[in-house]
1. Inside segment 17-54, can you point out the residues that are open to solvent by 80 Å² or more (accessible area, probe 1.4 Å) and of a type outside the set (Val, Ile, Thr)?
2. For THR430, are the conditions met, namely being under 30 Å from MET26 (Cβ atoms), modelled with pLDDT of 90 or more and more than 9 Å from the ligand (Cβ to nearest atom)?
3. Go through (1) under 26 Å from LEU239 (Cα atoms); (2) near the ligand (Cβ under 8 Å from one of its atoms); (3) surrounded by fewer than 21 Cβ atoms within 10 Å (Cβ to Cβ) and name the single condition ILE405 misses.
4. Looking only at helices (runs of 4 or more DSSP H) that fall completely inside segment 150-260, which ones have 2 or more residues that are at pLDDT 95 or above and among the charged types (D, E, K, R)?
5. Could we say that VAL297 is aliphatic (A, V, I, L, M), outside any helix (DSSP H, G or I) and either over 18 Å from the mean Cα position of the chain (by Cα) or more than 30 Å from GLY339 (Cβ to Cβ) (or both) here?
6. Give me the pairs, please: first residue somewhere in segment 307-322 and over 9 Å from GLY381 (Cβ atoms), second residue anywhere and away from the ligand (no atom under 14 Å from the Cβ) and open to solvent by 40 Å² or more (accessible area, probe 1.4 Å), beta-carbon distance under 8 Å, and either six or more positions apart or on two chains.
7. For segment 324-338, name all the residues that are near the ligand (Cβ under 10 Å from one of its atoms) and either within 15 Å of GLY377 (Cβ to Cβ) or buried (at least 17 other Cβ atoms within 10 Å of the Cβ) (or both).
8. In the list THR376, THR388, which residue meets the criterion of being over 18 Å from the mean Cα position of the chain (by Cα), within 30 Å of ASN303 (Cβ to Cβ) and either buried (at least 18 other Cβ atoms within 10 Å of the Cβ) or modelled with pLDDT of 95 or more (or both)?
Amino acid sequence: EVDWFSLASILFLLMFAPLIVYYFIMSCDQYQCSLIDPLIDLLTGNKHLSDIWNKTPTLTYRAASIYTLWVAFQMLLYLFIPDFCHKFLPGYVGGVQEGAVTPAGVVNKYEINGLQAWIITHVLWFANAYYFHWFSPTIIFDNWIPLLWCANVLGYAVSTFAMIKSYFFPTNAEDCKFTGNFFYDYMMGIEFNPRIGKWFDFKLFFNGRPGIVAWTLINLSYAAKQQELYGQVTNSMILVNVLQGIYVLDFFWNEAWYLKTIDICHDHFGWYLGWGDCVWLPYLYTLQGLYLVYHPVQLYTANAIGILMLGLIGYYIFRMTNHQKDLFRRTNGNCKIWGKKPEYIECSYMSVDGSKYYSKLMTSGFWGWARHFNYTGDLMGSLAYCLTCGFEHILPYFYIVYMTILLTHRCIRDEHRCFSKYGKDWKRYTAAVPYRLIPGIF
Ligand code: NDP
């Protein structure tokens, strides 16, 4: 059943999320990244909506060609080049891996080759920038708004296709979730793991390829634009490139682990993931770099070091917390966390077919500090990205506001699910670890 609050939020997002993305990108293009000035212009009658719209670059043949080539290239890397990185990188888990058991009892196989796709793409990018010169490294920035229209076309097309597919030719009918509410189903998805053929998995591809591989390229394109405009790249831009680069590389290094996260394990594939991965992620997660093209902030060395430390400590907490849970679950608790045997609560749950299963919830290490300390680390890193931009405008701070809402909502959503799954055992766990994000506060 869909409650009225979920429905209202979904309708709000369906109507306004594309406008929010447009507003942010337009305000950089036309108002030097001021979020207030367009509003003042509109409210005072200085400008009409049509004036702003008419100044907005339209879809171009060049952007459509770049985007088509980009997605086709990522598909090619995803589908046709089996992973070779795991053969020579010690500790890296790649190649064919299994996902978690779905509610219908299916275990999907995935070809984990994202790191390889990222490396090949970036080697080609640098080879072009320094040697071949087929295109300018500012190409992404220079076509940013026309590319936005292409990303929207793909985002809507893939979400609509996923919806139609779930009715007429689902990959696994037993893993479909129909609520009967059209908007909810469109947004949150019906099929759990839609696939075409044996290997083209919508969730893994759209979550983990065109948008996330592009993330670091987009930042590099912004750095190249700064170089072109001002003859130098600022330390703030370098910080954004380095900190977000670490986050993206971490994602690919741990792609096999990612198969066990909420996005892949619990979310169905709809507009939220389809459009979100194509549009929301590449456009709004990269706002700091975009802002720095218009406002080339040069940080005092002490501030730059402080921000770097915040970002690195945040990353360390994020990675170690995720690693502790992964190790604990993989070894079924037979491991050492901070040099000691982990403490945990034994719990049980029933699957849809009525079978009883057992699981464990860790209560030591970072998981003893708070129930979602991995999110806390993520938020510290997110704040560091924003701080690189100084305090002149609010636009770059959108990311930390959004991540705080996203991860707090995720906490609540996940805990609701865990409570339904584990019942009284979950209550024992929340009594043992009473805080969600910040020990002693929340
Ligand atoms: P988690 O990795 O925290 O996974 C939550 C699940 O872990 C629960 O549903 C439960 O699953 C299990 N679990 C909960 N508590 C314990 C415990 N004490 N011991 C063992 N298992 C436990 O959440 P996510 O998948 O959301 O996040 C993964 C990472 O991805 C996070 O670091 C997050 O910050 C990041 N992320 C980043 C986003 C971005 O846009 N940048 C978006 C979303 C996430 P079970 O049913 O198996 O018990």
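1. LEU19, GLN32, LEU39, LEU43, ASN46, HIS48, LEU49, TRP53, ASN54
2. Values: under 30 Å from MET26 (Cβ atoms): no; modelled with pLDDT of 90 or more: yes; more than 9 Å from the ligand (Cβ to nearest atom): yes.
No.
3. (2)
4. On the way: elements: 182-188, 202-208, 210-230, 235-253, 255-258.
Those helices (runs of 4 or more DSSP H) span 210-230.
5. Numbers: aliphatic (A, V, I, L, M): yes; outside any helix (DSSP H, G or I): yes; either over 18 Å from the mean Cα position of the chain (by Cα) or more than 30 Å from GLY339 (Cβ to Cβ) (or both): yes.
For VAL297, the condition - aliphatic (A, V, I, L, M), outside any helix (DSSP H, G or I) and either over 18 Å from the mean Cα position of the chain (by Cα) or more than 30 Å from GLY339 (Cβ to Cβ) (or both) - is met.
6. As it stands, the answer is ILE307/LEU387; LEU308/VAL242, since those pairs meet every condition given.
7. Start the filter on segment 324-338 by keeping residues that are near the ligand (Cβ under 10 Å from one of its atoms), which leaves 324-326, 328-329, 333.
Matches in segment 324-338: GLN324, LYS325, ASP326, PHE328.
8. Numbers: THR376 fails: over 18 Å from the mean Cα position of the chain (by Cα).
That would be THR388, the only listed residue that is over 18 Å from the mean Cα position of the chain (by Cα), within 30 Å of ASN303 (Cβ to Cβ) and either buried (at least 18 other Cβ atoms within 10 Å of the Cβ) or modelled with pLDDT of 95 or more (or both).
The values are calculated or read from the model by the stated rules, or taken from the named source; none is laboratory data. Owing to the predicted nature of the structure, the values given are computational and were not obtained by experimental measurement. Quick reminder, even Gly has a Cβ in these numbers, built from the backbone with ideal geometry, and neighbours come from all protein chains shown. Just the protein is used for accessible areas: all its heavy atoms, side chains included, with ligands, DNA and RNA removed. Shrake-Rupley method; radii C 1.70, N 1.55, O 1.52, S 1.80 Å.
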